[in-house]
Amino acid sequence: MKKTILLVYITFATVAAYGQQGSDFVILRPTENSLKPDTVYGDIIFPKNGVLINASIQTADCKKKYSPNKVIGFKYGDRYFASVPYTTGRVFAERVINGEIELCYYSTEIQNTTYAGGLTGAVLADIGISLTSFFYIKSDKTKDYMSVPHSKKKLIEKLAFIFEDNESIYKQIQSNDFKINQLPELVRKYNETKE
C-alpha cells in the first residue's frame, strides 16, 4: 500500500513539474556523447521583432539559448520552427505544412527600411517584398530539409523525386503551367492522399 501511494505521489509530482515548465520545447541535435536528440521543456522567449537568431527558452532552472546549428527545431505555442540549411550554417524556418512531406518557409522580410537603404528600402518595405525567401522541404526520402530552388528547372531536377509515388502531382510539377508559389498546395494534396 505504501509503495502504491509513493508511486502515485512521484507520478503526480513529475506531471505537475513538467506542467509548470510550459508546453514549449527545443529539440537538441545529438552530440558526440549521445546518439539520441535531447528535448528541453520550458517557455520559448520569442523575439518581439520576429528575428530568430537563437532558440531562447526559460526553464525552471535558467534561461538558455541555442543556435540553429545545435537544434533540430523548437515549438512555440502552436508554431514549429525547424533548423534548416542556409549558406554556410543553419537558420530557423517556420513549418507551414506538416505531414508526410513537411514544408517550411524562411524569409528575411524587411522589418525596417534601413536594411535596404534609401528609396529602394522604402519601396521594398511598402510592397512587402522579402530580399531572401525560401521554401524548405523534407520527406522520408530526404535526410534533412532541402532548399527549394527558385528556378523551376532546378526544382524539377533536385526535388521532383519526392513526389514520384503520386503520378498526378509528379506530372503537375513537371508541367509548363507549374509555378513555385503553387508548391504549398501540391504538398497539401500529396499529404492528404497519404492520410
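The values are calculated or read from the model by the stated rules, or taken from the named source; none is laboratory data. Since the structure is predicted, the reported quantities are computational estimates derived from the model, not experimental observations. Using ideal geometry, Cβ is built from the backbone for each residue, glycine included, and neighbour counts are taken over all protein chains shown.
Observations, loosely collected:
- When residues of the range 97-129 are limited to those that are within 19 Å of G50 (Cα to Cα) and under 18 Å from the mean Cα position of the chain (by Cα), the one modelled with the lowest pLDDT: E109
- Selected residue (criterion: surrounded by the fewest Cβ atoms within 10 Å (Cβ to Cβ)) from residues of the range 69-110 that are among the basic types (K, R) and free of Cβ contacts under 8 Å to residues at least 24 places away in the same chain: R79
- Complete set of residues in the range 175-195 that are among the hydroxyl-bearing types (S, T, Y) and outside any loop (DSSP other than H, G, I, E, B): Y190, T193
- Note on the range 15-94: enclosed strands (runs of 3 or more DSSP E) holding 2 or more residues that are within 21 Å of M146 (Cα to Cα) are 24-28, 71-76, 79-86.
- Cβ separations smaller than 8 Å between residues 6+ apart or across chains give the following pairs from the range 169-182 residues that are surrounded by 10 or more Cβ atoms within 10 Å (Cβ to Cβ) to residues that are in a loop (DSSP other than H, G, I, E, B): Y170/E164; Q172/F178; I180/V148; I180/H150.
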